[in-house]
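The numbers here are math on the coordinates, done by the rules we state, and not lab data. For clarity, every value in this text was computed on a predicted model and none was experimentally measured. Glycine also receives a Cβ, built like all others from the backbone with ideal geometry; neighbour counts cover every protein chain displayed.
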Amino acid sequence: MTTQTHPHPTPPEAVRLLRETAVSKRYNLTLPFLRNARWRGDGPPFCKINSMVYYRPEDVDAWIQSNMVASTTEAAHRKRM
């Protein structure tokens, strides 16, 4: 009996990445918004491989959670900071 090995085993916790188009659809964010947020540096963390932009879903979720506010007053105060 022979044991079959895979040349490239999958790590136990493989990183799942979403392309910017998938993030746009999944989170209802426009591509221009995501691109401007990357340029400004206030969007979710991303990685760039060659010319492709990728996001980890947990990073986008955390970014959205960190931007939650209770009122428009709080939102305006955050913008001034």
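Once you compute Rg and the Kirkwood Rh from C-alpha atoms, what is the Rg to Rh ratio for region 18-69? With Rh from the inverse mean 1/r over Cα pairs, Rg/Rh is 0.93.
Each of S66, L31, G43 was scored by the projection of its Cα onto the charge dipole of region 18-69, and the greatest displacement toward the positive side belongs to L31; charges sit on the C-beta of Lys, Arg, Asp and Glu.
Placing +1 on the Cβ of every Lys and Arg and -1 on the Cβ of every Asp and Glu, with no other charges, gives region 18-69 a dipole of roughly 220 debye about its Cα centre. Other residues with beta-carbon under 12 Å from the beta-carbon of V69 carry, at +1 per Lys or Arg and -1 per Asp or Glu, a net charge of +1.
The ranking of W39, W63 by Cβ neighbour count inside 10 Å, starting from the fewest, reads W39, W63. Under a 5 Å amide H cut-off, with hydrogens placed 1.01 Å from N, V53 pairs with E20 among residues at least 5 apart or on other chains. Near A22, once Lys and Arg are set to +1 and Asp and Glu to -1 for all other residues with Cβ below 12 Å from its Cβ, the sum equals +4. Couplings 3J(HN,Hα) for region 48-55, derived from phi with the Karplus relation 6.51 cos²θ - 1.76 cosθ + 1.60 (θ = phi - 60°), are 10, 10, 6, 9, 8, 9, 10, 10 Hz, where x marks Gly and Pro.
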